Every structure is written in C-alpha cells, then in structure tokens.
Amino acid sequence: MKFSEILSAPNQLTLLRMLFLPLLVNEILDENYRLALILLVLSALTDFLDGLIARVFQQQTMLGQYLDPIADKLLLSTLFIVLTIDHKIPVKFAVFVFTRDISILAVSAVLYTIAGLRDFRPSIFGKLNTAAQIAAVFLVILHEVNPMPAINFGRQFFLWATVVFTVLSGIHYAFLAGHRLRASAKPAQN
C-alpha cells in the first residue's frame, strides 16, 4: 500500500466517516437524537461522495476497496448494538443481523483458508439487506426526534425488511459459498 492511497480524497472521506462514529454513539447515549441524526446524514453523505469521487476521478484504490465496506459495516453494526442496548431496536432484530454477519465472516474465513477463495462481493440480497439496515437505523433515530405514526410505520417496516433480507442473503451466501467451493475443487480433481 502506498501512502498516497491514504491521502486520496475518497479514502479521506471514508476515514472521516469512521471518525463520525464515536461522536454519533455519544450523541445517542446522551439522547441527543437530533445531533445524532445530523451526524448519521453526514456519514451517509461521505459514503456517497467517496464512491462518486473514486469512480468519476478514477481514484479507486486497494485500500478503499477494503476500507469502505469495513467503515459501512462498523457504522451499521455499532449503531445496531447501541440502539439495541438503548432499547430503541428490539433484541430479536439485532440477533438476526449479527448471526448473519458472524456466519458470513466465519464461512469466508474457512473458504479463504481451505480453498484460497478471496472474492466475497456482496450479492443483491446483501445490498438490499444493507439498504434496509440503513433505512431502519435512520428511521429509528428519526422516530426519537419526531415520533409521528408514519415514521413509526417506516421504522417497523424496515426492521422487518432487515430480517427478511438477512435471511434471504444468508441463504444466498450459503448457496454461493457451496458453488464457489465446488468450482474451486473441480480444477484440483483434473
């Protein structure tokens, strides 16, 4: 890795998003949901901008390919934990999210160890799951700022959508893992 990769604008935005996280957590724990919502929107904006700048100005880096999804997962996982501990998200939803994430990490580690597989791009169901989680977290915090019935409905809808896409993406990843493992074993058999 080159030092210039760290200094690229997209990677700086990703690092900024990671720096927002402790501030965001502190605001939630202090029940300052309005500022937490602003920090969450700023985090989302940096996520959008880092991808846009990387593509438009051809500033994609190997560091960015790893750092961006780590920042996203760190943000969502931390917020799910904090909002669950704070009793804003029921425990059952966090259990689904973390069981899937830990399972995917474990399977990825095994596939890398036994077959050298490294390609773990997110599936369409994984992307939909991430979108549902983002919407759920946003609406949970927004509901604390403005507890309107429509926001409560959206919050409930996206929490359940997270469960549905968690299950679908978990099944899909298991299918893909089996397929990739079989495909990597075929050349070895010949």
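Any read-out appearing in this document is the output of simple, stated calculations on the displayed coordinates, not a laboratory observation. Keep in mind the model is a prediction, meaning the values are calculated, not measured. Here Cβ is always computed from backbone atoms with ideal geometry, including for glycine, and neighbour counts include all displayed protein chains.
Bridgeable lysines around Lys127 (alpha carbons under 22 Å apart, same-chain partners fewer than 8 residues away excluded): Lys73, Lys92. Shape summary of region 55-98, radius of gyration then Dmax from alpha carbon positions: 14.8, 43 Å. Taking Cα atoms only, the orientation of helix 124-145 departs from the longest principal axis of the chain by about 10 degrees. Summing Lys and Arg as +1 and Asp and Glu as -1 over all other residues whose Cβ lies under 14 Å from the Cβ of Leu42 gives a net charge of -1.
Of the residues Gly170, Gly178, Gly64, the one that moves most in a GNM of the chain with alpha-carbon contacts below 10 Å is Gly178. Within the shell defined by Cβ-Cβ distances under 12 Å, the residues around Ala136 carry a net charge of +2, with Lys and Arg each +1 and Asp and Glu each -1. Just how far, in whole angstrom, is region 96-163 from region 1-41 if you go by their alpha carbon centroids? Their Cα centres are 19 Å away from one another.
Could you give the length gained on full extension between Val56 and Ile114, defined as 0.36 nm per residue of separation minus the Cα-Cα distance, in nm? The span from Val56 to Ile114 would gain 17.1 nm if fully extended. Expressed as a fraction of 2.2 N^0.38 Å, the C-alpha radius of gyration for region 1-71 is 1.20. Under the combined filter of DSSP loop state and at most 14 neighbouring Cβ atoms within 10 Å, region 53-131 retains these chymotrypsin sites (Phe, Trp or Tyr not before Pro): Phe57. Using every pair of separate Cα atoms, the Kirkwood estimate puts the hydrodynamic radius of region 89-190 at 15.1 angstrom. Across region 71-86, coupling constants 3J(HN,Hα) worked out from phi with the 6.51/-1.76/1.60 Karplus curve, θ = phi - 60°, read 4, 4, 5, 4, 4, 5, 4, 4, 5, 4, 5, 4, 5, 6, 4, 7 Hz, and Gly and Pro carry x. To the nearest ten degrees, helix 91-115 and the longest principal axis of the Cα atoms of the chain are 20 degrees apart.
Which shape class applies to the chain: rounded if a/c is under 1.5, otherwise prolate when a/b exceeds b/c and oblate if not, where a ≥ b ≥ c are the square roots of the Cα gyration tensor eigenvalues? Here the chain falls in the oblate category.
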